[in-house]
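So that we are looking at the same thing, I have put the structure below in structure tokens.
Laboratory data are not the source of any read-out in this text; all were calculated from the coordinates shown. Computed from a predicted model, the values in this text were never measured in an experiment. Ideal geometry is used to build each Cβ from the backbone, glycine not excepted, and the neighbour counts take in all protein chains shown.
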Amino acid sequence: MILLIDCSKGLHLILGNKKKIIATSFKPRLKKVSECLVLEIENLLKSNSKDYKNITKIIAINGPGSFTGIRTSVTVAKVLGLTLNIPVCGISLFDLMLMQHRNIKTNSDQKFFIHLNDERFFVQDIYKSGKKSEVSIMNFKAELLLDFRNFQIVSMDNKVVKSLRTIRNDNQKHNIFIYNDIFFKSFDILVNLSEKKYVPNPIYVKTF
């Protein structure tokens, strides 16, 4: 069994085999993840008649997102990996979206967005050359004059669409791609991640 741990925003656990997702636990508003993550994992396993010995691989989402959540999920994943002697992989939400989006042939630069709160988003630019920008935070209300015409807009939910509408420029046309079920769409990618290439190193971005 493969266990995915995502604490970048609340808690999202996925249990699956090499072919499909078996069970999920999604609590986006869960607080104090550091205090309950292990219990939540045990509850998910127990409710599916599994235990730790059934886990053969762990995948942790590196970020970006909650500092405490990311630190907790990566730490727990590494400890479980050492205890169970199984591989542990780490991948960022940006890289996961990028791997999924590569199915779309494009000659455009791309802006990837992950919602933080209100009108604020984590953002990373991926250029046609293959280069990536540093992960930063964008506030749409404060940056109304940005020109998105030459970019594809890629996100995990429709909140970015609402925020783009605050940019009052009717001449801008946005080429938008939404992957609001990214783990289900990309589960085959997650299953085949290499622990040597995808190391669980947290991505921390200052949110203040």
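Arrange the following residues from fewest to most other Cβ atoms within 10 Å of their Cβ: Met97, Met1. Can you show the working numbers first?
On the way: Met97 24, Met1 19.
Starting with the residue having the fewest Cβ neighbours, the order is Met1, Met97.
Averaging sequence separations of C-alpha pairs under 8 Å and six or more residues apart, then dividing by the length of the stretch 96-208, give the relative contact order as a whole percent. Show your work: numbers first, answer last.
On the way: 145 pairs, mean separation 27.9, N = 113.
Over the stretch 96-208, the number comes to 25 percent.
Additional query: What percent do you get for the relative contact order of the chain when only Cα pairs under 8 Å and 6+ apart count?
It rounds to 21 percent for the chain.
Based on alpha-carbon positions alone, could you give the equivalent ellipsoid semi-axes of the chain from the gyration tensor, as √(5λ), descending, whole Å?
Three semi-axes, in Å: 32, 18, 15.
Looking only at GluC sites (Glu not before Pro) in DSSP loops with at most 14 other Cβ atoms within 10 Å, what is the longest site-free stretch of the chain?
1-133
Based solely on C-alpha atoms, express the radius of gyration and the Dmax of the stretch 1-40 in angstrom.
Answer for the stretch 1-40, Rg first and Dmax second: 10.6, 32 Å.
For the stretch 127-161 and the stretch 59-116, what is the separation of their C-alpha centers, rounded to whole Å?
For the stretch 127-161 versus the stretch 59-116, the Cα centre distance is 19 Å.
Another question, if that's okay. FRET efficiency for Asn85 and Thr207, Cβ-Cβ distance as r, R0 = 30 Å, nearest 0.05?
0.25
Could you give the size of the charge dipole of the chain about its Cα centre, using +1 on the Cβ of each K and R and -1 on the Cβ of each D and E, expressed in debye and rounded to the nearest 20?
Value, rounded to 20: 240 debye.
Under a 10 Å cutoff between Cα atoms, tell me which one of Pro64, Pro28, Pro87 has the largest fluctuation in the Gaussian network model of the chain.
Highest fluctuation among the options: Pro28.
Let me ask something additional. Phe177 to Thr24: extension gain in nm, 0.36 nm per residue of separation minus the Cα-Cα distance?
Using 0.36 nm per residue and subtracting the Cα-Cα distance, I get 52.6 nm.
When the distances between all Cα atoms of the stretch 94-180 are binned every 10 Å from zero, what whole-number percent does each bin get?
17, 56, 26, 1
Name the most mobile residue of Ile104, Ile59, Ile70, meaning the one with the largest mean-square fluctuation, in a Gaussian network model of the chain with Cα contacts below 10 Å.
Comparing Ile104, Ile59, Ile70 in the GNM, the peak value goes to Ile104.
Quick check for me: using +1 on Lys/Arg Cβ and -1 on Asp/Glu Cβ, what's the dipole size of the stretch 94-180 about its Cα centre, in debye to the nearest 20?
Values: 14 positive and 10 negative charges, 50 e Å.
I would put it at about 240 debye.
Check the straight Cα-Cα distances from Lys131 and name the aspartates and glutamates below 12 Å, setting aside those fewer than 8 residues away within the same chain.
Asp109
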